[in-house]
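The values are calculated or read from the model by the stated rules, or taken from the named source; none is laboratory data. Everything quoted here is computed from the prediction, not taken from an experiment. Here the Cβ positions follow ideal geometry from the backbone for every residue, glycine too, while neighbour counts run over all protein chains shown.
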Amino acid sequence: MSEPMLYRRRFIPEELIHLKDDIILVLEPDLIITTWNTLHPRKDIARGISAFYLDKGFKVSKVFNKENQIVYWYCDIIQVKKDDEKNTVIIEDLLIDLILYEDGGLRIIDLDELADALDRKLISQEEATYALKTVNSLLQIIYSGHFYTLQEPINQAELL
């Protein structure tokens, strides 16, 4: 399997970005793991390692600051659009995000953006329903103490 071109589509703000600088560490049918630096300089974070769980509908990222310390684990709810002929994978951000802090804290953010996107018809009712069901699935993994199963592939890829 040759490396696909990865893209990130956001609905708010509307943008499609070619993730040309991301380095693919793992490429499997239902899992892509990349390492990346922030697209724009930030004070709080500098880089990360992300696992795109294509079959589950979420991206889990281990995010680091400039001192190479873990800041948090960041989870995006996504949908995937593959084009085998063009060898592209478009990761669409369905707006709902979860942040897991090293102290065990958890935040769910951007639910208002999902509502705005739905009101503005940027996403369909089916996509919004999918996003809500997917975030529920991710929360079940977290609350049951099995989030480590999503972290392990990232931690292993970090050693490559």
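So the check is Cβ under 6 Å with 6+ separation or different chains; which pairs have a first residue in the range 79-107 that's closer than 15 Å to residue 19 by Cα and a second one that's among the charged types (D, E, K, R)?
89/82; 90/9; 90/81; 91/8; 92/9; 93/10; 93/76
Tell me the residue from 60, 71 that is in contact with a helix residue (DSSP H, G or I) (Cβ under 6 Å, 6 or more places away or on another chain) and either β-branched (Val, Ile, Thr) or in contact (Cβ under 8 Å) with a residue 40 or more places away in the chain (or both), please.
Values: 71 fails: in contact with a helix residue (DSSP H, G or I) (Cβ under 6 Å, 6 or more places away or on another chain).
After applying the criteria, what remains is 60.
Are any residues in the range 58-80 in a strand (DSSP E or B) and over 21 Å from residue 113 (Cα atoms), and if so, which ones?
So the first thing to find is which residues in the range 58-80 are in a strand (DSSP E or B), and the list is 58-64, 70-80.
Correct list: 62, 63, 64, 70, 71, 72.
Restricting to the range 38-57, name every residue that is outside any loop (DSSP other than H, G, I, E, B) and within 14 Å of residue 8 (Cβ to Cβ). It would help to see each step written out before you state the result.
Of all residues in the range 38-57, those outside any loop (DSSP other than H, G, I, E, B) come to 47-53.
Once the filter is applied, which keeps residues that are outside any loop (DSSP other than H, G, I, E, B) and within 14 Å of residue 8 (Cβ to Cβ), the range 38-57 yields 48, 50, 52.
In contact with a Leu (Cβ under 7 Å, 6 or more places away or on another chain) and within 27 Å of residue 4 (Cβ to Cβ), is that true of residue 106?
Working: in contact with a Leu (Cβ under 7 Å, 6 or more places away or on another chain): yes; within 27 Å of residue 4 (Cβ to Cβ): no.
No, not satisfied.
Only one of these is within 16 Å of the chain's Cα centre (by Cα) and within 24 Å of residue 11 (Cβ to Cβ): 137, 124. Name it. First the steps, then the outcome.
On the way: 124 fails: within 16 Å of the chain's Cα centre (by Cα).
137 is the lone residue from the list that is within 16 Å of the chain's Cα centre (by Cα) and within 24 Å of residue 11 (Cβ to Cβ).
Inspect all residues belonging to the range 42-57 and state whether any of them is closer than 18 Å to residue 150 by Cα, loosely packed, with under 12 Cβ neighbours inside 10 Å, in contact with a strand residue (DSSP E or B) (Cβ under 9 Å, 6 or more places away or on another chain) and modelled with pLDDT under 95.
Here is the first cut: in the range 42-57, the residues closer than 18 Å to residue 150 by Cα are 48-57.
Among the residues that remain, those that are also loosely packed, with under 12 Cβ neighbours inside 10 Å are: 55.
Within this subset, residues satisfying the condition of being in contact with a strand residue (DSSP E or B) (Cβ under 9 Å, 6 or more places away or on another chain) are 55.
Retained after the next criterion (residues that are modelled with pLDDT under 95): none.
Scanning the range 42-57 turns up no residue that is closer than 18 Å to residue 150 by Cα, loosely packed, with under 12 Cβ neighbours inside 10 Å, in contact with a strand residue (DSSP E or B) (Cβ under 9 Å, 6 or more places away or on another chain) and modelled with pLDDT under 95.
Do you know which residues across the range 5-31 are free of Cβ contacts under 8 Å to residues at least 12 places away in the same chain and of a type in the set (Asp, Glu)?
As a first pass, look at the range 5-31 and keep what is free of Cβ contacts under 8 Å to residues at least 12 places away in the same chain: 13, 15, 28.
Selection gives 15, 28.
Could you list all residues from the range 126-150 that are more than 12 Å from residue 78 (Cα to Cα) and touching a residue at least 40 places away in the same chain (Cβ under 8 Å)?
137, 139, 142, 147, 150
Only residues that are charged (D, E, K, R) and either in contact with a Pro (Cβ under 9 Å, 6 or more places away or on another chain) or more than 21 Å from residue 17 (Cα to Cα) (or both): list them for the range 53-78, please. Walk me through it before giving the result.
Initially, the range 53-78 is screened for residues charged (D, E, K, R), giving 55-56, 59, 62, 66-67, 76.
Selection gives 55, 56, 66, 67.
Within the range 19-38, can you find the residues that are loosely packed, with under 12 Cβ neighbours inside 10 Å and either over 28 Å from residue 122 (Cα atoms) or over 15 Å from the mean Cα position of the chain (by Cα) (or both)? Spell out how you get there, then give the answer.
Filtering the range 19-38 down to residues loosely packed, with under 12 Cβ neighbours inside 10 Å leaves 20-21, 28-30.
Residues satisfying the conditions are 20, 21, 28, 29.
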